[in-house]
Each structure stands twice: as C-alpha cells, then as structure tokens.
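The structure appears right after this line, and notes come after that.
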Amino acid sequence: MLLKRVVTFIVIVAFLIPSFAFAENEALTENRGDKDIISIEQAKQVVENDISTLTPEHEFFDLWKEVDVVFSSELYDITESVIGYYFKLMNSKGTNVGYYITGARSDITPILQYSASPHEDFEKRDKTLKIYYFSGKNFTFAQNADILINQLNDMLSDLEKNQRNQTTIDKKTLMDQLTFNRNENAPSLWNQLSDNKVMSVSSYPSAGWLDVTRIYQRLEGVDHPKSACGPTSLAMAIQYLSSLGYNVHDVSHFNYSFPQMINGYYNFLSSNFMGTSSGNMSFLVPTLLNMYMTGWTSTSVDADSSGAMDKFKDRIVSSRPPLVMWDQLSWFPWIDADVYWHWQTGNAYRTSGGAFQFGVKDPDNGINNTSTIYYSWIDNQNGFMFVSYKQS
C-alpha cells in the first residue's frame, strides 16, 4: 500500500506535473460512453432493498423504518464519467437522517458508503460544483474535470515548492489513485440487491456492531485539533473497553475531560503535525493497555492482505474496536494540508447482497456527525490499514 509506511503523495517532483496534466486531459476524450450505466431508479431500488434487510439489532433499524430515499447528486471521476450517486434519507418530518453512496455502473460495487448522519461535506458544498469521488475519504469539488485538473496541478506545484520531504512518485501510480476501482463481482452484486426475492427475512446478512461512543477531535481545549484523529480514535476504543469494565487508562484519569485525554494521548503517541503514524499506534497501544493489565499485544493489518476481512470481523466480535488508518490524498483542498493520514475507530461490519461493508466512528467531519459510517471493503481496501489488539 502506497502511503502506509512512507509519505509519497504530498510531494511530487516538478517534472511530473506537466505530464500529469497532459495525461488527464487526454483521458477526458475517452471513457465517456454510457455503457453499463445503472439508472438512478435502479440505484434507488437497491438502496431501498438494502434498508429493508436491516435487522432489529442494527443500530439504524428504528431510525430508518420509514424513510424516503431521495436522489441528490451524481458523482464523477477524473474522466468526467458518472461513477456514483448520492442519495439522502428523509424521514416523515422532512429531516435528513442519513445518506447512501452507490455505484452508477454495473462494474462498480452497488453500495459504497452509508451513514445515519448527513454527509456534511456534500451538503455544505457550493451546489454549482460537481462532486468528484475517488472512494472513501477522498473526494473533491469542481465545476468540471478540466478545472479540477488545473487546480490539482497548481496545488501539486505549490506543494513541491514547499516540500518537507523529497519523495517521488511515478505518473501511473498517481493516476491510479484518481481512477475509481472496478469490481469484477459487481454485476452479480447488482443482481442480488435488485432482486426482492433475495431480500427475504430468511436471508438477513450477518452483522456485528459495538456501541462505541463517538468523540470529536476538535473539541474546545484540544491542543492540536487538526492532527488529533489518532489520539481521539484511540480514546474512543479505550472508553469502550472501560464501559465493559476493563481497568484501562480512560477519561477518569484525565479529570473526566475528553480534551485532556486527547492531549494526553497525543503526547503519548508522539503525534505531530502529520498525524499519528501506524508504527507508533501499533507499538504503543499495548503499552497503554498493559499499564493496569497484562498480556496485550497488537499488530498492523493491511486491508488488502490475506485474511484481513476476517481479522477485522474477529475484532468486532471480540469487542476490541480496531483502529483504522486511511491514506489521505492530502492535496485535496478540503483536507488539512499537513495531515497525511486519518484515523477512525472500527465498530461494525455487515454483509449485504454478498458485499462486505465495515463501519467506523469518525472523530472528524463535524461535532454532530456521531453515527457509524459504513464503507464497501473491496472498493477501499487499497486505501487503509488497521491496528488489531488482543489480550492473550
């Protein structure tokens, strides 16, 4: 995986920038056909079918008993092709109680992301701008792809001039990060999720969920709010273990102040303006847990490695919220430019229509966005890893 161990995306040598612009503008003349396009109505039906499979044990079951699925926006890739749809969920009072992001082609996974909190970034954007979606945490807004390409080149040029680390990346690797993944199993997943017969009571998907309390990384009193996602994600996991009765270094050791807890963990994890490294998180989590107990160990797991999906599920089933670290395309304007990674706390999983989804609590994205966010695993597995910890 590209950014998990070294910083690569932030700095790109100057000679690559012109070729990047040429390659992207050339790409705009291709791949614009409507072949394999899923209609908005088809995608909406898939969302409605997926909601109908939620069991009473699912955290969104009561909230989404009666919602209208409302189409909001198309999502584009760098070639100006429509690759996804953004739907809002509205209750009988006209309140936005969540969203779904779906694919818009038969070769893209049907359900890419959903949550019971409004998607604040999408909702607050200038509605004259299109949404360019590259999966998971990586998206941006522009009037069209040509303008976006020019903006990206300008940002890359500025970053190269102000570089902190001399790291190069080849053009193909850069282009791959701006190309939405195609899923060879997607056609069969669309068929399953479009078939009401599959969505019967007898075929509820397996699921797991942990009641992790979400903590906001930008609370008043947090010393380094931009780069506090790692300490805050760890705080959520520790507080969950505390709620189970484990003797851990929880908020009670910080005068019951979450800002003080985040600040304390920030120093403990040796976090800095770039964030918290995966190595520090993996090495120091057992050190923290072994302060009052013994036998805790941890390991880092690449999401695209063999057995990673089962390891994630095992941590949820075992009530050990895994700590999820995303690579960030840090030159996107909506991301804090200095922060190279983003941490979240894993707390759920679900299989729907044959596709595995994982859930996280995000310490950022607004103080009121407390709901679990679910992502498609296969469409994001090249962009994240997680720290798994256990007690022997």
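The values are calculated or read from the model by the stated rules, or taken from the named source; none is laboratory data. Bear in mind the structure is a predicted one, so any value in this text is a computation, not a measurement. In this analysis, Cβ positions are derived from the backbone assuming ideal geometry, glycine residues included, and neighbour counts consider all displayed protein chains. Ligands, DNA and RNA are stripped out before the accessible areas are found, and what is left, the full protein with its side chains, is counted by its heavy atoms. Shrake-Rupley method; radii C 1.70, N 1.55, O 1.52, S 1.80 Å.
Lys and Arg at +1, Asp and Glu at -1: add these up for the other residues within a Cβ distance under 15 Å of Ile316 and post the number. After counting each charged neighbour, the total is +2.
For the set Lys137, Lys226, the ranking by accessible area, highest first and with no ligand, DNA or RNA atoms included, is Lys226, Lys137 under a 1.4 Å probe. Other residues whose C-beta falls under 14 angstrom from the C-beta of Tyr114 contribute a net charge of -2, scoring Lys and Arg +1 and Asp and Glu -1. Taking amide hydrogens as placed 1.01 Å from N in the peptide plane, the amide H of Arg105 sits under 5 Å from those of Ile38, each at least 5 positions away in sequence or on another chain. A straight chain from Asn150 to Ser305 at 0.36 nm per residue would run longer than the Cα-Cα distance by 52.3 nm. Sorting 258-264, 268-274, 104-110, 219-225 by average packing, meaning the other beta carbons within 10 Å per residue, from highest down gives 104-110, 258-264, 268-274, 219-225. Highest average first, the peptides 373-384, 245-256, 68-79, 358-369 ordered by how many other beta carbon atoms sit within 10 Å of their residues are 373-384, 358-369, 68-79, 245-256.
Solvent-accessible surface of protein heavy atoms, probed at 1.4 angstrom with all chains present, puts Tyr114, Tyr349, Tyr292 in the order Tyr292, Tyr349, Tyr114, largest first. Computed with the Debye formula from one identical point scatterer per Cα of segment 80-160, without solvent, the log10 of I(q)/I(0) at q = 0.17, 0.20, 0.22, 0.24 Å⁻¹ comes to -0.79, -1.00, -1.12, -1.22. Of the cross-linked pairs Lys44/Lys88; Lys137/Lys226; Lys88/Lys226; Lys93/Lys127; Lys44/Lys124, those separated by over 18 Å at the C-alpha level are Lys88/Lys226; Lys93/Lys127; Lys44/Lys124. Using the Karplus relation 6.51 cos²θ - 1.76 cosθ + 1.60 with θ = phi - 60°, the per-residue 3J(HN,Hα) values for segment 95-112 come to 9, 6, 10, x, 7, 10, 10, 10, x, 10, 9, 6, 9, 10, 3, x, 10, 9 Hz, with x marking Gly and Pro. Of the accessible area of segment 72-149, with the probe set at 1.4 angstrom, what percent is carbon plus sulfur? On segment 72-149, the fraction of accessible area on carbon and sulfur atoms equals 46 percent. Heavy-atom accessible area with a 1.4 Å probe sorts Ser233, Ser300, largest first, into Ser300, Ser233. The shape of segment 223-349 can be summarised by an equivalent ellipsoid whose semi-axes, obtained from the alpha carbon gyration tensor, come to 22, 20, 12 Å from longest to shortest.
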